[in-house]
Every structure is written in structure tokens, then in C-alpha cells.
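Enquirer: I'd like to ask some things about the structure below.
The values are calculated or read from the model by the stated rules, or taken from the named source; none is laboratory data. All figures in this text were calculated on a predicted structure; none of them were measured in a lab. Quick reminder, even Gly has a Cβ in these numbers, built from the backbone with ideal geometry, and neighbours come from all protein chains shown.
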Amino acid sequence: MTPTRRTFIATSTAALAAAFGRAGLFAQGPPAPVTPVFTEIRRNVGFWTAFLQQVARELPGNTIYIFGHAGPKHEVTGSRADLQHHASYLGALLDYVRAEVKAGKTREQIVASTDIIKGFEDYGPLVPRPLGPAFDEVTAANP
């Protein structure tokens, strides 16, 4: 049987759900639709950093990853090194937000930032989408 896009998506979703289960996200196995899981973990930048590192460790070295949110300067597919680079970027993003919070900046000021994180110039200026959740995560952990 030749794999189709539908079987690829079904297989990928099942593999992702299994990986989430191993990461301790499902107390009693995956929920019926996987989509609500993404809604919850979207707000946890630290989780994604650890999860991407775990995936890179567990999958074979020649795995080709398909990136759902590839930017204009990034390929849609990539290697383990690309996945690890993105995990490092997310960690650097959290470090950036922690430093900004420590400097006394408000959520609005941080979300409006267009700085470029040193070492991740290929990502370009910061955008609001990850900054709000990162601020919420940092301030919840360190009120």
C-alpha cells in the first residue's frame, strides 16, 4: 500500500500523541481529539523546549522533520540539528523574557519588542505571538 497524505497525518498524529504520553502530558492516555492538547501546551514555551529536545534524542538521526510554522528564511523540512536549533531558540526566548521581566518591563512592553535574540539572527525580530505566553509562563513561575 502506498502511503497517502491521510495515512501520514494519521500516523504522525498517533506518534505525536504517544510522545506526549511519554512526556507525562496524558494521565490516562491521549484524549479523543488531539487538538485540545495543542491549545493547552501552546502556552508552555518551556514544555516545547524540552519536548523538542526529547524528540531529537528519541528519533533516528536521519529523521526528516516537517516544520509547521517555518518562517520565510527557513526550510519546511529539516534535520535533527534544525530541531535542536529551534529548541535552543525557545530556551533563549524564555531567557530573554526572564531578563526583561527582571528589568521591570511590563507584559505590553515585552510583547511589543522587536529585538533580535543574539545567536538567533536567522529568526529575525521578535514577534508578539510567543512573547505573551512566554511572559505568562515566566511570571507564573516567579511571581
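Enquirer: Between Arg80, Arg98, Arg107, which is farther than 19 Å from Trp48 by Cβ, in contact (Cβ under 8 Å) with a residue 12 or more places away in the chain and among the charged types (D, E, K, R)?
Expert: Working: Arg80 fails: farther than 19 Å from Trp48 by Cβ; Arg98 fails: farther than 19 Å from Trp48 by Cβ.
Exactly one of Arg80, Arg98, Arg107 is farther than 19 Å from Trp48 by Cβ, in contact (Cβ under 8 Å) with a residue 12 or more places away in the chain and among the charged types (D, E, K, R), namely Arg107.
Enquirer: Please pick out the residue among Ala56, Ala99, Ala50 that is buried (at least 16 other Cβ atoms within 10 Å of the Cβ), in the same structural domain as Thr114 (by TED's automatic domain parsing) and either at pLDDT 70 or above or acidic (Asp, Glu) (or both). Break it down into steps so the answer makes sense when it comes.
Expert: Numbers: Ala99 fails: buried (at least 16 other Cβ atoms within 10 Å of the Cβ); Ala50 fails: buried (at least 16 other Cβ atoms within 10 Å of the Cβ).
When all the criteria are applied, what remains is Ala56.
Enquirer: Check region 103-122 and report whether any residue there is surrounded by 18 or more Cβ atoms within 10 Å (Cβ to Cβ) and within 25 Å of Arg57 (Cβ to Cβ).
Expert: Within region 103-122 (the criterion being surrounded by 18 or more Cβ atoms within 10 Å (Cβ to Cβ) and within 25 Å of Arg57 (Cβ to Cβ)), the answer is no, since none of the residues qualifies.
Enquirer: Here's another thing I want to ask about it. Give the number of residues within region 59-96 that are at pLDDT below 90, crowded, with 16+ Cβ neighbours inside 10 Å and of a type in the set (Ser, Thr, Tyr).
Expert: Residues in region 59-96 being at pLDDT below 90, crowded, with 16+ Cβ neighbours inside 10 Å and of a type in the set (Ser, Thr, Tyr): 1 in total.
Enquirer: Across region 96-138, what is the number of residues that are more than 23 Å from Leu83 (Cα to Cα) and acidic (Asp, Glu)?
Expert: 3
Enquirer: State which residue is modelled with the lowest pLDDT when the search covers only region 129-143 and only residues that are surrounded by fewer than 17 Cβ atoms within 10 Å (Cβ to Cβ) and over 15 Å from the mean Cα position of the chain (by Cα).
Expert: In this case the residue turns out to be Pro143.
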